[in-house]
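Every read-out reported here was derived from the displayed coordinates using simple, explicitly stated rules and does not represent laboratory data. These figures come from a predicted structure and were not determined experimentally. Cβ sites come from the backbone with ideal geometry, for glycine too, and all protein chains shown count toward neighbours.
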Amino acid sequence: MPELPEVETVRRQLAPHVEGRTITAMRIDDGRWCAPQEPGEVEDALTGHRIDALGRRGKHLIFSLSGGAQLLVHLRMTGILLWEAEEGAPYERVRFFLDDEHALAFCDPRRFGTGLLLPDEATRDAYLDERLGPEPLDPATFTPDVLRRAFKGREAPVKGIILDQRTVAGVGNIYADEALFRAGIHPARPGRMVQAAQIEPLRDGIIEALELGIDGGGASIDDFRHLDGARGSFQDDFLVHRRAGLPCPDCGAEIRKMVVAGRGTYACEVCQPPPRKLPRSARYLP
Ligand SMILES: [Zn+2]
């Protein structure tokens, strides 16, 4: 599933193509994309408007349109945006036609991706702030205190807490594993057991993992693709994620696979000492 670095990769690739361009027509072939809004209403509301800016908040892409409307696009599991894809690209659900004769297609085999039209910036910010914690790459808001407060008194595993988008926006399964390894924290450790001295390394580990992910053009372990269909390369630089049975890059011990917070999770239990007893929600996998 695309996380912050994958969505930011798409944003950086797409922004120079679409900013300043006007949507001359739009075609939503799958009503699920914008449900409960009617496809015809969304098409009408966007057509004729200029894309003033392409932004991002967490895993949401934000098309800010002339007249104030805001379109929030979420790739979810398998959504991708393709520039200049031929009509009827595989799993095409939505197509934007722009005033310079170019087109943008939203393709999505599993059909969980969404487009949400909101009337103005204030409504957009209220919608996002209700669902998302701070942006991890904004040092002014993503302070160690954010994590300290989130972990305080919590029995839930630390990985589950940082996967919660209300803790910090945009971190998913890959980058949570990579960040916890960087900080030397076992993913199944209860939040309240994270030591004070580990908070800042974890904050830094989240930022480093995300920035390296962006540098690598995101990770393509599943459907994620760039605007031109190319794959990201960050999967080649994973330290622990998807590396079960391989040696830890720091100590050489074998990386273990487990389930934590319902997600396939990877850790080095030498560098990331496990809690004395794994929480009931966590288990090892062969
Ligand atoms: Zn290790």
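Quick one: net charge around residue 147, please, counting Lys, Arg +1 and Asp, Glu -1 for every other residue with C-beta under 15 Å from its C-beta. Walk me through the numbers before you get to the answer.
Details: positive: 148, 149, 152, 154, 159, 166, 182, 189, 192, 203; negative: 135, 138, 145, 164, 200, 204, 208.
That works out to +3.
Provide the packing ranking of 225-232, 108-115, i.e. peptides ordered by the mean count of other C-beta atoms within 10 Å per residue, highest first.
Working: 225-232: 16.0, 108-115: 18.2.
Highest-to-lowest ranking by the protection proxy: 108-115, 225-232.
Taking 30 Å as R0, compute the FRET efficiency from the Cβ-Cβ separation of residue 242 and residue 53 and round it to 0.05. Provide the component values of the computation, followed by the final result.
Values: r = 35 Å, r/R0 = 1.16.
The formula returns an efficiency of 0.30 here.
Karplus couplings for segment 260-269 from phi (6.51 cos²θ - 1.76 cosθ + 1.60, θ = phi - 60°), rounded to Hz, Gly and Pro as x?
Once rounded to whole Hz, the list reads 9, 6, x, 10, x, 9, 10, 7, 9, 7.
Counting residues in segment 168-227 as N, plug N into 2.2 N^0.38 Å and put the Cα Rg over that result. Write down the numbers at each step before the final one.
Numbers: Rg = 12.8 Å, N = 60, 2.2 N^0.38 = 10.4 Å.
My calculation over the Cα atoms of segment 168-227 gives 1.23.
Which part of segment 107-150 falls in the paramagnetic zone of residue 27, meaning amide N under 17 Å from the point 7 Å along Cα-to-beta-carbon?
107-108
Quick check on the chain: take the gyration tensor over C-alpha atoms, sort the square-rooted eigenvalues as a ≥ b ≥ c, and tell me if it's rounded (a/c under 1.5), prolate or oblate.
Verdict is prolate for the chain.
If you wrap a convex hull around the C-alpha atoms of segment 44-116 and split its volume per residue, what is the figure in Å³? Write out the running numbers ahead of the final one.
On the way: hull volume 6.6 nm³, N = 73.
Per residue, the Cα convex hull of segment 44-116 comes to 91 Å³.
For the chain, what's the relative contact order in percent, using C-alpha pairs closer than 8 Å and at least 6 residues apart?
Contact order relative to length: 17 percent.
Can you divide the C-alpha Rg of segment 144-285 by 2.2 N^0.38 Å and report the result to two decimal places?
Details: Rg = 14.6 Å, N = 142, 2.2 N^0.38 = 14.5 Å.
So segment 144-285 has a normalised radius of gyration of 1.01.
Fewest first, what order do 101, 135, 200 take by the number of other Cβ atoms within 10 Å? Provide the component values of the computation, followed by the final result.
On the way: 101 7, 135 17, 200 14.
Sorted ascending by nearby Cβ count, the order is 101, 200, 135.
What lysines could a cross-link reach from residue 277, if we take a straight Cα to Cα line under 30 Å and drop same-chain neighbours fewer than 8 places away?
Counting by Cα, and skipping residues close in sequence, residue 277 has these lysines nearby: 152, 159, 257.
Based on the mean of other Cβ atoms within 10 Å per residue, sort peptides 261-274, 170-183 so the most packed one is first. Walk me through the numbers on the way to the answer.
Details: 261-274: 19.0, 170-183: 25.3.
Packing proxy ranking, top to bottom: 170-183, 261-274.
Given the convex hull of the Cα atoms of segment 1-102, what is a quarter of its surface area in nm²?
Values: hull surface 24.5 nm².
Mean orientational projected area (segment 1-102, Cα hull): 6.1 nm².
Mark the label point 7 Å from the Cα of residue 84 along Cα→Cβ and return the residues of segment 213-252 whose backbone N is within less than 20 Å of it.
225-232
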